[in-house]
Amino acid sequence: MPIEISDKTIKHEFIERVSQLSGQDIFMCFQCGTCGGGCPMSGQMETLPRRIMRMAQLGMEEDVTNSGTSWTCASCHTCTANCPRGVDLAKVMEAVRLLTLRKNINMIDPSGLSAEMVRDLPQIALVSCFRKLTS
């Protein structure tokens, strides 16, 4: 499916913030697909990482942040190890998550968890989840 975009929808500030937060030159990515091919979570992603990178390059902030891909990313850095251009895609996904959380948009409501779930889950998993998914 081709990406349609006009100059009016390009958000240059979004491109700069993602690049600055991640420390990555997102324009180094040429969408070869190696990241998604090695990603253990790609089967769970609604949008593959290379498409997220292209949308980020085009400044399509809403499309990138509304996608669940950055939240599905396990930050295992398999994509980084396999990237022929040396882009640390996990850092880009983290930057996208941070930008979303900075808008005070939580991806999980801790008060919505049942007492049984909180009791049964390992504390390290809860803390990790809250760090990743809440502002």
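Miscellaneous remarks
- Ellipticity estimate at 222 nm from DSSP helix runs (n ≥ 4, -39,500 (n - 2.57)) divided over the chain, nearest 500: -13500 deg cm²/dmol
- Gain upon complete extension [residue 130, residue 25; 0.36 nm per residue less C-alpha separation]: 35.0 nm
- Residue-wise HN-Hα couplings along segment 38-54, as the Karplus relation 6.51 cos²θ - 1.76 cosθ + 1.60 with θ = phi - 60° gives them from phi, are x, 6, x, 9, 4, x, 9, 8, 6, 10, 5, x, 5, 6, 4, 4, 5 Hz; Gly and Pro carry x.
- Per-peptide packing, taken as the mean over residues of other Cβ atoms within 10 Å, places 114-123, 52-61 in the sequence 52-61, 114-123 from highest down.
- Between helix 123-133 and the chain there is an angle of about 40 degrees, using the helix long axis and the longest principal axis of the Cα atoms.
- Between residue 101 and residue 117, the contour length at 0.36 nm per residue exceeds the alpha carbon distance by 3.4 nm.
- With q set to 0.12, 0.20, 0.27 Å⁻¹, the log10 of I(q)/I(0) for segment 25-104, from the Debye formula over equal scatterers at the Cα positions, is -0.27, -0.80, -1.51.
Where a number appears in this text, it was derived from the coordinates with a stated rule and is not lab data. Remember, it's a predicted structure, so these values are computed and weren't measured experimentally. Every residue, glycine among them, receives a Cβ derived from its backbone with ideal geometry; neighbour counts consider all protein chains shown.
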